[in-house]
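Scroll down for the structure; my scribbles are underneath it.
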Amino acid sequence: MRFLQECKADATADLVYRVCPMHLLEPAEFLKDLQEGQVLEILTDYDGALEDIPAWCDKHGQEFLGLCEDEEDQDLYKLYIRKVH
């Protein structure tokens, strides 16, 4: 797992209070609207996303950049995906 200090995102998907499978379905929809090379930030409080999102990226050929904890809310995670195709 890669931990980041900060990452510049082109779009944000707020998935707080969403659990399986929505934490996987909704990012796919957001990525459709991004250009190749752009970065999607996913905000989530679902611990399962910490393993599921990187695995989803591997399966679908997207680049998982890493994650960081929200400084204001320790129960919130920020995960970053770069659109490859």
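Summed over segment 1-49, residues that are assigned to a loop (DSSP other than H, G, I, E, B) and either of a type in the set (D, E, K, R) or in contact (Cβ under 8 Å) with a residue 60 or more places away in the chain (or both) total 15. Among the candidates Asp75, Asp52, the residue that is over 16 Å from Ala13 (Cα atoms) and not in a strand (DSSP E or B) is uniquely Asp75. From the residues in segment 71-85 that are touching a residue at least 24 places away in the same chain (Cβ under 8 Å) and of a type outside the set (D, E, K, R), which one is surrounded by the fewest Cβ atoms within 10 Å (Cβ to Cβ)? Only one residue fits best here, namely His85.
Scanning segment 29-70 for residues that are under 17 Å from Val84 (Cβ atoms) and either exposed (fewer than 13 other Cβ atoms within 10 Å of the Cβ) or hydroxyl-bearing (Ser, Thr, Tyr) (or both) gives Glu29, Lys32, Asp33, Gln35, Glu36, Gly37, Ala55, Asp58, Lys59, Gly61.
Values quoted throughout were computed directly from the atomic coordinates according to the rules given, and no laboratory measurement underlies them. Since we're looking at a predicted model, the values are computed, not measured. For neighbour counting, all protein chains shown are included, and Cβ atoms are generated from backbone atoms with ideal geometry for every residue, glycine included.
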